[in-house]
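These notes are about the structure you will find just below.
Only the coordinates and a few stated rules stand behind these numbers; no lab work does. Just so it is clear, the model here is predicted, and its values are computed rather than measured. Because the Cβ atoms are built from the backbone with ideal geometry, glycine has one as well, and the counts that use them run over all protein chains shown.
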Amino acid sequence: MQPSGQPTLGNYIGALKNYVKLQHTHDCYFMVVDMHAVTVPQDPAALKEQTESVTALYLAAGLDPNVATVFLQSTVHAHAELGWLMTTLTYMGELERMTQFKDKSAGKDSVGAGLFTYPSLMVADILLYNADLVPVGDDQKQHLELTRDLAQRFNTRFGETFTIPEPYIPKVGARIMSLDDASKKMSKSSPNAGSYIAMLDAPDVIRKKISRAVTDSGREVKFDPQQKPEVSNLISIYAECSDKTIADIEAQYEGQGYGPFKKDLAEAVVATLEPIQIRYNEIRKSGELYEVLKQGKERAAAQAEVMLKQVKEKMGF
Ligand code: ADP
Ligand code: NA
């Protein structure tokens, strides 16, 4: 996750929730990708604060640093180094096709070169650990395809080295949409705070944002992403924040309109986020982050160095 703003409910449902699940069945590495965040201008003090905040949210959501390796990308130098080597293997055309680059650069006069090449750095983030599985939201599918292509390309040119990773994308909740516009994904880098629910939004802010969320003019609580994208997005959020299925929710609010549905949805979101917020505040107070990150950096660097050395030897360094 990038420390580029306040992590949202979309980041939680699409990614973080699955990190927590997978840590018990897999040998996991979870980093905060601070070097990706600087592909757009960041205020240094804000970057530092957001980096600590995202790390604390990882732990508050349930990542156990004794089970999974939790670290900052910038503290493990092998990322920058393999990132460069991967950039040299990437074709301009592959980067030009990236929809995320097109979205993030659209209408801007000056676009940093790093925004263009960062998918190659992401390739390195994944391949350094020989990852089998990468838990991501739907928006990262294309970057994962590039990772698979580059792993294959390297193996073909220089000999069998990398595992070809698979994306792990949730069936429901892989693409949580904005509350003000269901054609855009919910994102922490949106300038409009009403368009997302931040994981750290106070309960009353969450209630207000959900009550103001855009719906269509009908009154049927029905899951139909084509005809009713706004309501369908809210139903997905509800299903992910409760033990109800989409069908349960449709049945429960049949003939009742949006009012009662939105009210209960807000409470389900509050019930999901409030315990995380309480743990978050404890973690920030305790100062335990520094020790966690130091340990994580050592574990990650040990693994990454071995891989980088192999790669450099194969390339003729
Ligand atoms: P953002 O766009 O909010 O800045 P990041 O680029 O930091 O998000 O992505 C962190 C993780 O969260 C990625 O795995 C990404 O696929 C996932 N993610 C981001 N936004 C959403 C969303 N709206 N719905 C589901 N998953 C998302
Ligand atoms: Na559910």
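Compute a Gaussian network model of the chain, connecting alpha carbons closer than 10 Å, and tell me which residue from Thr272, Thr215, Thr156 fluctuates the most. Highest fluctuation among the options: Thr156. If we count GluC sites (Glu not before Pro) as exposed when they sit in a DSSP loop and have at most 13 other beta carbons within 10 Å, what is the longest stretch of the chain that avoids them all? My reading of the result: 1-159 is the longest stretch.
Please sort through the DSSP H helices of the chain and keep those with an alpha-carbon extent of at least 20 Å along the long axis and a Kyte-Doolittle average not below -1.0.
Working: long enough: 44-61 (25 Å, 0.28); 113-127 (22 Å, 1.34); 141-158 (25 Å, -1.15); 258-286 (42 Å, -0.40); 289-315 (37 Å, -0.56).
Within the chain the helices that satisfy the rule are 44-61, 113-127, 258-286, 289-315.
Give the Kirkwood hydrodynamic radius (Å, one decimal) of the chain, defined as one over the mean of 1/r across all pairs of different Cα atoms. Every distinct Cα pair counted, the radius reaches 20.7 Å.
Calculate, for Arg219 and Asn130, the FRET efficiency according to 1/(1 + (r/R0)^6) with r their C-beta to C-beta distance and R0 51 Å; round to the nearest 0.05. Before the final figure, lay out the partial values.
Working: r = 52 Å, r/R0 = 1.01.
According to the calculation, E is roughly 0.50.
At 222 nm, what value in deg cm²/dmol follows for the chain if DSSP H runs of at least 4 each add -39500 (n - 2.57) and the sum is divided by all its residues, to the nearest 500? Computed mean residue ellipticity for the chain: -17000 deg cm²/dmol. Counting DSSP beta bridges in the chain, what percent are antiparallel, to the nearest 5? Close to 30 percent. Taken along its principal axes, the alpha carbon cloud of region 201-280 reaches lengths of 38, 24, 21 Å, longest axis first.
The C-alpha atoms of region 1-65 occupy a region whose extents along the principal axes are 37, 22, 18 Å, arranged from largest to smallest. Comparing Phe30, Leu128, Gly114 along the charge dipole axis of the chain, the residue lying farthest to the positive side is Gly114, per the Cβ-charge model.
Could you tell me the convex hull volume per residue, in Å³, taken over the Cα atoms of region 181-317?
Values: hull volume 26.4 nm³, N = 137.
Cα-based convex hull of region 181-317, divided per residue, equals 193 Å³.
Over the chain, what is the relative contact order in whole percent, taking alpha-carbon pairs under 8 Å and six or more residues apart? Contact order relative to length: 23 percent.
May I ask for log10 I(q)/I(0) of region 96-162 at q = 0.11 Å⁻¹, from a Debye sum over the Cα atoms as equal point scatterers with solvent left out? Debye curve over Cα of region 96-162, log10 I(q)/I(0) at q = 0.11 Å⁻¹: -0.30.
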